Amino acid sequence: MVAKTIVVLDPTARAQVTESPMALRLESLDGKTLGFLSNMWPSVRPTFARMQDVAARSYPLRGTVLKERAVTSSPAPPDIMGPLSADCDAVIVALGN
């Protein structure tokens, strides 16, 4: 599998370009733990519930993890990101409503 990168341009910096490698794509969700990071918008809970249901019927998941955060204007704190990064193979993030 070929690793890909995302080029992030910071409009507040002078001629600063940062490259970060993209995470490798999973071949399958079989036996994986799927995480969900909610921004607590009203539509997210039913959307995530449906996604979790479809994923569980489509793949033999090891499990799922749901974390919620009310403040979306800053990075998620370590008590939320820690379990997601340690326990999950993939995470679906709610970015809007």
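The values are calculated or read from the model by the stated rules, or taken from the named source; none is laboratory data. None of these values were measured; they are calculated from a predicted model. Because the Cβ atoms are built from the backbone with ideal geometry, glycine has one as well, and the counts that use them run over all protein chains shown. We work out accessible area using only protein heavy atoms, side chains counted, and drop any ligands, DNA or RNA first. Shrake-Rupley method; radii C 1.70, N 1.55, O 1.52, S 1.80 Å.
Tabulated results
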read-out	value
VAL93 long-range amide H proximity, modeled H, under 5 Å	LEU37
Accessible surface, per residue, of the chain when the full set of protein chains is kept, probe 1.4 Å, Å²	74
Mean ellipticity per residue at 222 nm, deg cm²/dmol - from DSSP H runs of n ≥ 4 across the chain, formula -39500 (n - 2.57)	-8000 deg cm²/dmol
Using alpha-carbon coordinates, inclination of helix 44-58 to the longest axis of the chain, degrees	60
DSSP beta bridges in the chain [antiparallel fraction, %, rounded to 5]	35
Gain in span if fully extended, ARG62 to ASP10, counting 0.36 nm per residue against the direct Cα distance	14.9 nm
Local electrostatic count at VAL93 - Lys and Arg +1, Asp and Glu -1, tallied over other residues with Cβ under 14 Å	+1
Estimated FRET transfer efficiency (SER74, ALA23; beta-carbon r; R0 22 Å; 0.05)	0.50
Answer label, with Cα extents along the principal axes in Å calculated from the coordinates and candidates (i) 41, 31, 20; (ii) 48, 36, 23; (iii) 41, 22, 16	(ii)
Accessible-area ranking of ARG62, ARG25, largest first, probe 1.4 Å	ARG25, ARG62
Relative contact order for the range 8-87, counting Cα pairs under 8 Å that sit 6 or more residues apart, in percent	31
